[in-house]
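**Q** Have a look at the structure that comes next, please.
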Amino acid sequence: MEGTNDSGTSRFMAKRDAILAAAAAAINEQSATGMTFADVARRVGLNTTSITYYFKRKEDLAAAAFEHTLNTLLAMLDEAMAAAMPEERVRRYLQLNMARIARIDRGEEAAFAVLSDLRATEEPVRSRLLARWREVFRRTRALWGSPNGRAQTDLFGARAHVVLENTFWLPVWLTRYDADEFGRVEARLMEVFAGGIAGPVERWSPNPLDLDQVEAEPGRAAFLLAATRLINEIGYRGASVQRIASELNVTKGSFYHHLDAKDDLVAACYRRSFDTIALAQRRADEAGGSHWQRLSSTIAALIEVQFAERAPLLRTTALSGLPADERVAMVARSNRIARRFAGVIMDGIGEGSCRAVDAAIAAQTLMALQNAAFDMRHWARTMPRPRAVALYASTLLFGLFDDRILAS
């Protein structure tokens, strides 16, 4: 009967959906650990006790928000798989993502919860969610069909990861475009996915770049690296000061000797990461060669940094844990780096070493590529490192449907 507390009624489900949407917004702003019942209740005009009628614990609410994200991704992938060919499937998956973002922009749909805190959830929820995430990855990889041997399996896995990460990164940079431009953005992004950035005669032969830097404070640098690895693995909230100190077998007091607060730590990790990317760009320019050579050398060096794990780059997912002013500053630095990538691509187009693509959009795909490579470090260990770097970079530099890298 309409209006009862029966969980099958439309009113119950509508309220539950509103709570999930509010939880997703809170998670995206503050992380799953930072989300509170009080904040979610305020967003939907309820009291905290009313929220517990639908979800007994905060962890149950966060898990439901993550499951909604995963179920949405699986539904889009199922629809994309109905297309006949790999390129058509990827195109359809991109269309579905762009349409969803457009609905969010019009206020017709709520954004779903980002998955950066998935590994910070408690057991047994974590195992269930991670199994669901692995299913998302498998179905994304299946967009390319059945692989013909191990080499194609590896390549399809890299492509799947890059597609997923780029669609997750989309909402961040799409804010620079008006909604009536979304169709053009989608078309230009698909051009990068389909054809890559390299010119038709270019091959994979990056120059090695020296990214070693002299650390003025080795102890502080060790904290930054330990924190970066932990935040990348379990999220900003999961990587507590105590846990970071334990990784280095030191006391919390040692942490505060080097840094004033955890927010200072994350900001410092970002600065170190951005400094590394900027150094790679400078070293590639100093090495000379065509602009394709410079671009491919930069990307190869940064992927190597991520796969090696010695001094990885901090994932952009940690941005939600920073104060607003710090977050704005870090995004501004990221945008400057992306503009430099775009400049190299434009110069490459001018000299003919890069394809005629939208350089600003292509640059954002590269930001997602190098940023997310840390998550593929276990995949990279299953093959020689140069091979892993080449396969992963090929996804965007040569396109998602070009197998020439397998013959190199």
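The values are calculated or read from the model by the stated rules, or taken from the named source; none is laboratory data. Please read these numbers as outputs of a predicted model, since none were measured by experiment. Here the Cβ is made from the backbone with ideal geometry for all residues, glycine too, and neighbour counts use every protein chain on show.
**Q** From the list Arg138, Arg91, Arg103, Arg132, which residue is exposed (fewer than 15 other Cβ atoms within 10 Å of the Cβ), under 23 Å from Arg159 (Cα atoms) and more than 16 Å from the chain's Cα centre (by Cα)?
**A** Details: Arg91 fails: exposed (fewer than 15 other Cβ atoms within 10 Å of the Cβ); Arg103 fails: under 23 Å from Arg159 (Cα atoms); Arg132 fails: exposed (fewer than 15 other Cβ atoms within 10 Å of the Cβ).
The conditions single out Arg138.
**Q** Only residues that are surrounded by fewer than 24 Cβ atoms within 10 Å (Cβ to Cβ) and farther than 17 Å from Arg203 by Cβ: list them for the stretch 288-312, please.
**A** Gly288, Glu304, Val305, Phe307, Ala308, Glu309, Arg310, Ala311, Pro312 - these are the residues of the stretch 288-312 that are surrounded by fewer than 24 Cβ atoms within 10 Å (Cβ to Cβ) and farther than 17 Å from Arg203 by Cβ.
**Q** Continuing with this model, one more query. Which pairs have Cβ atoms under 6 Å, sit 6 or more apart or on different chains, and link a residue in the stretch 268-294 that is under 12 Å from Arg340 (Cβ atoms) and not assigned by TED's automatic domain parsing to the domain that holds Leu369 to one that is surrounded by fewer than 18 Cβ atoms within 10 Å (Cβ to Cβ) and not hydroxyl-bearing (Ser, Thr, Tyr)?
**A** Matching pairs, first to second residue: none at all.
**Q** Further, regarding this structure: Among the residues in the stretch 151-166, are any among the hydroxyl-bearing types (Ser, Thr, Tyr), under 22 Å from the mean Cα position of the chain (by Cα) and surrounded by 21 or more Cβ atoms within 10 Å (Cβ to Cβ)?
**A** Within the stretch 151-166 (the criterion being among the hydroxyl-bearing types (Ser, Thr, Tyr), under 22 Å from the mean Cα position of the chain (by Cα) and surrounded by 21 or more Cβ atoms within 10 Å (Cβ to Cβ)), the answer is no, since none of the residues qualifies.
**Q** On to the next question. Criterion first (surrounded by 15 or more Cβ atoms within 10 Å (Cβ to Cβ), within 17 Å of Ala26 (Cα to Cα) and β-branched (Val, Ile, Thr)) does Thr48 satisfy it?
**A** no
**Q** Can you tell me which of Ala41, Ala26, Ala32 is surrounded by 13 or more Cβ atoms within 10 Å (Cβ to Cβ), free of Cβ contacts under 8 Å to residues at least 24 places away in the same chain, over 30 Å from Gly399 (Cβ atoms) and in contact with a Gly (Cβ under 8 Å, 6 or more places away or on another chain)?
**A** Values: Ala41 fails: in contact with a Gly (Cβ under 8 Å, 6 or more places away or on another chain); Ala32 fails: free of Cβ contacts under 8 Å to residues at least 24 places away in the same chain.
Among Ala41, Ala26, Ala32, only Ala26 is surrounded by 13 or more Cβ atoms within 10 Å (Cβ to Cβ), free of Cβ contacts under 8 Å to residues at least 24 places away in the same chain, over 30 Å from Gly399 (Cβ atoms) and in contact with a Gly (Cβ under 8 Å, 6 or more places away or on another chain).
**Q** For Glu123, work out the one condition from (1) at pLDDT 95 or above; (2) over 20 Å from Ala160 (Cα atoms); (3) not hydroxyl-bearing (Ser, Thr, Tyr) it doesn't fulfil.
**A** (1)
**Q** Condition check: crowded, with 23+ Cβ neighbours inside 10 Å, farther than 20 Å from Pro312 by Cα and not aromatic (Phe, Trp, Tyr). Does Leu397 satisfy that?
**A** Numbers: crowded, with 23+ Cβ neighbours inside 10 Å: yes; farther than 20 Å from Pro312 by Cα: yes; not aromatic (Phe, Trp, Tyr): yes.
Spelling it out, Leu397 is indeed crowded, with 23+ Cβ neighbours inside 10 Å, farther than 20 Å from Pro312 by Cα and not aromatic (Phe, Trp, Tyr).
**Q** If you don't mind, another one. Looking at Leu369, is it surrounded by 23 or more Cβ atoms within 10 Å (Cβ to Cβ) and at pLDDT below 85?
**A** no
**Q** I need every pair where a residue in the stretch 176-191 that is outside the structural domain of Leu397 (by TED's automatic domain parsing) and over 17 Å from Phe398 (Cα atoms) has its Cβ under 6 Å from the Cβ of a residue that is assigned to a helix (DSSP H, G or I) and not small (Gly, Ala, Ser), sequence separation at least 6 or different chains.
**A** So the pair list comes out as Tyr177/Val185; Ala179/Asp105; Phe182/Met98; Glu186/Met98.
**Q** Quick check on my filter: what residues within the stretch 187-223 are modelled with pLDDT of 80 or more, of a type in the set (A, V, I, L, M, F, W, C) and part of a helix (DSSP H, G or I)?
**A** Listed by number, the residues that qualify are Ala187, Leu189, Met190, Val192, Phe193, Ala194.
**Q** Now, a different point. Which ones in the stretch 74-125 are assigned to a loop (DSSP other than H, G, I, E, B) and either within 25 Å of Asp402 (Cα to Cα) or not assigned by TED's automatic domain parsing to the domain that holds Ile19 (or both)?
**A** Answer for the stretch 74-125, where residues must be assigned to a loop (DSSP other than H, G, I, E, B) and either within 25 Å of Asp402 (Cα to Cα) or not assigned by TED's automatic domain parsing to the domain that holds Ile19 (or both): Met81, Ala82, Ala83, Ala84, Met85.
**Q** Can you go through Ile405, Ile345 and tell me which one is surrounded by 15 or more Cβ atoms within 10 Å (Cβ to Cβ) and touching a Cys at 6+ places or on another chain (Cβ under 6 Å)?
**A** Working: Ile405 fails: touching a Cys at 6+ places or on another chain (Cβ under 6 Å).
When all the criteria are applied, what remains is Ile345.
**Q** Out of curiosity, is Asp325 outside the structural domain of Tyr93 (by TED's automatic domain parsing), among the charged types (D, E, K, R) and free of Cβ contacts under 8 Å to residues at least 12 places away in the same chain?
**A** Yes; evaluated as a whole, the condition is true for this residue.
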